[in-house]
Structures are given as structure tokens and as C-alpha cells.
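FYI, it's all coordinate maths here, none of it is from the lab. Keep in mind that this is a model prediction, so the values were computed, not measured. Counting neighbours? That spans all protein chains shown, and the Cβs are built from the backbone with ideal geometry, glycine included.
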Amino acid sequence: MVRLRQNVLIDGKELFKEFKGSLTEQYVLQQLKTNKEMHTYYWTNDRNSAEIDFLVDNGSEVIPLEVKAEVNLQSKSLKTFHDKFNPKISVRTSMADYKREDWLINLPLYAIERINKI
């Protein structure tokens, strides 16, 4: 059990604050699962100090995907994964606008279903 305080359940805003990250990850997974050709996996390093929310296998490549519930764009685990496995591209999804950098694409949450088109 999560041992929530009663007021968290009663006040909807509190509930969303408490579980914003989990709810955002759930939303992304639901969007990814609409495409039957993509398979999703999870990755963590040996020390459990870095994790990738989703590894998206579209049949031709594996795309690491980090989910952020806000505009916070720090993705240390994504950088760790990229440095170790050197995927063609890494993707972060967040509330921020689309942005392409050297090794990283920020894909807005509202466009996550387009991940197989990048």
C-alpha cells in the first residue's frame, strides 16, 4: 500500500502532485501500446543507480525513452545509457517543446505517438 493521507485522496490536485511522474509514465505507455509493432522494455544498470523508463523496440532499432512530467530536462540516466550503448538516437519526452540536439531529441508529451517517425 502507498499509505496516502486522506486529504490526498479527497483533494484531486494533491493526488496528481503526489503521483505526477507515475501518471505521466502510464500515459506514455498507453500511447506506445497503441502501436502493436512497437515493444517496450525497461532498463536499469547493475547498481540500480540509473534507469530508463522505456526501451522502445520498433523492429529496426531500440530507442531509449526517458519520461519527464515537467519541463525539467535533466536526464542523467539517459546520458549514462547513451554513453554505454551508443544508440542512434535517444529520446526524452516532457512538457517542453520539440528540440533536437546532438544525441538527444526532446519530444513533447502530446506527440509521443510519433516516436516511431523520428
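Give me the dipole magnitude in Debye, nearest 20, for the range 36-78 about the Cα centre, with unit charges on the beta carbon: positive for Lys and Arg, negative for Asp and Glu.
Values: 4 positive and 8 negative charges, 22 e Å.
Dipole magnitude for the range 36-78 comes out near 100 debye.
Might you report the magnitude of the Cβ-based charge dipole of the chain about its Cα centre, with Lys and Arg at +1 and Asp and Glu at -1, to the nearest 20 debye?
Values: 18 positive and 17 negative charges, 28 e Å.
Here the size comes out at about 140 debye.
How high is the relative contact order of the chain, given as a whole-number percent (alpha carbon pairs under 8 Å, six or more residues apart)?
Numbers: 166 pairs, mean separation 19.9, N = 118.
Relative contact order for the chain comes out at 17 percent.
Please compare each pair in Lys36/Lys117; Lys33/Lys88; Lys20/Lys117; Lys20/Lys68; Lys33/Lys99; Lys36/Lys79 to a cut-off of 18 Å on the Cα-Cα distance and tell me which ones are over it.
Lys33/Lys88; Lys20/Lys117; Lys33/Lys99; Lys36/Lys79
So what is the 222 nm mean residue ellipticity for the chain from helices alone, if each DSSP H run of at least 4 adds -39500 (n - 2.57) and you divide by all residues, rounding to the nearest 500 deg cm²/dmol?
Working: 4 runs with 36 residues, N = 118.
Per the formula, -8500 deg cm²/dmol.
Return the loop-located GluC sites (Glu not before Pro) in the range 14-111 (DSSP other than H, G, I, E, B) with at most 15 other Cβ atoms within 10 Å of their own Cβ; answer none if there are none.
Glu37, Glu61, Glu70, Glu101
List the trypsin sites (Lys or Arg not before Pro) in the range 73-108 that DSSP assigns to loop (not H, G, I, E or B) and whose Cβ has at most 15 other Cβ atoms within 10 Å. Which are they? Write down the numbers at each step before the final one.
Numbers: sites: Lys76, Lys79, Lys84, Lys88, Arg92, Lys99, Arg100; in loops: Lys88.
Here the trypsin sites (Lys or Arg not before Pro) that fit, given the DSSP loop and packing criteria, are Lys88.
In the range 47-67, which residues have a backbone nitrogen under 15 Å from the label point lying 7 Å from Asn35's Cα in the Cα-to-Cβ direction?
54-66
Treating the angle as unsigned and between 0 and 90°, give the value, to the nearest 10°, between the Cα long axis of helix 20-33 and the longest Cα principal axis of the chain.
So the inclination is approximately 50 degrees.
What would the Debye formula give as log10 I(q)/I(0) at q = 0.11, 0.16 Å⁻¹ for the alpha-carbon point model of the range 33-118, no solvent?
-0.26, -0.58
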